[in-house]
Amino acid sequence: MDHSSYTTEHLSLTLSVLTLPSLPSAIQFINAHSSHHTDSIVTEDTAAASAFCRGVDSAGTFVNASTRFADGFRYGFGTEVGISTGRIHARGPVGLEGLVIYKYMMRSTDEKGHIASEFGTGEGNRRFKHTDIEASSVPF
């Protein structure tokens, strides 16, 4: 089986689809061929969603939501200045915050899932408002 489609950035509206026999084999395939930036699962099974989010080694794992949500502006970081999926900290003296890596997990609760709309100002665009989420554990 040719997997080159899964290691190529197409720079177009190309969708590569592969059918696998189980969730564990899908997680294994994603971890072997993903960019490790953002991956999403579409499921009604809460256990499968939880296993996916914890098993996929990507900076963002989403459930029933568009991967287009993975954006610095949408995360509330302001203008996007870069994307990193690295797992090591900065060089030189750093504090605890500089040594910690983050994984963003998001789950849509809408019956039909969520897609990312265009944002900005003007007709047809939405202004996103960000608030801190107080959480001590993953809710799913």
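The heavy atoms of Val17 present about 110 square angstrom of accessible area, all protein chains included, probe 1.4 Å.
Between Tyr75 and Ser5, the FRET efficiency from the beta-carbon distance, with R0 = 25 Å, is close to 0.30.
Taking amide H as placed 1.01 Å from N in the peptide plane, the amide H of Met106 sits under 5 Å from that of Thr61, Phe62, Val63, each at least 5 places away or on another chain. Proximity of backbone amide H atoms, modeled 1.01 Å from N, is registered between Thr43 and Asn64 at under 5 Å, excluding neighbours fewer than 5 places apart on the same chain. Computed over neighbours whose Cβ is under 15 Å from that of His33, the net charge equals -4, Lys and Arg +1, Asp and Glu -1.
The values are calculated or read from the model by the stated rules, or taken from the named source; none is laboratory data. All of these numbers come straight from a predicted model, not from anything done at the bench. Cβ: placed from backbone, ideal geometry, glycine included. Neighbour counts: every protein chain shown. All accessible areas refer to the heavy atoms of the entire protein, side chains included, with ligands and DNA or RNA removed. Shrake-Rupley method; radii C 1.70, N 1.55, O 1.52, S 1.80 Å.
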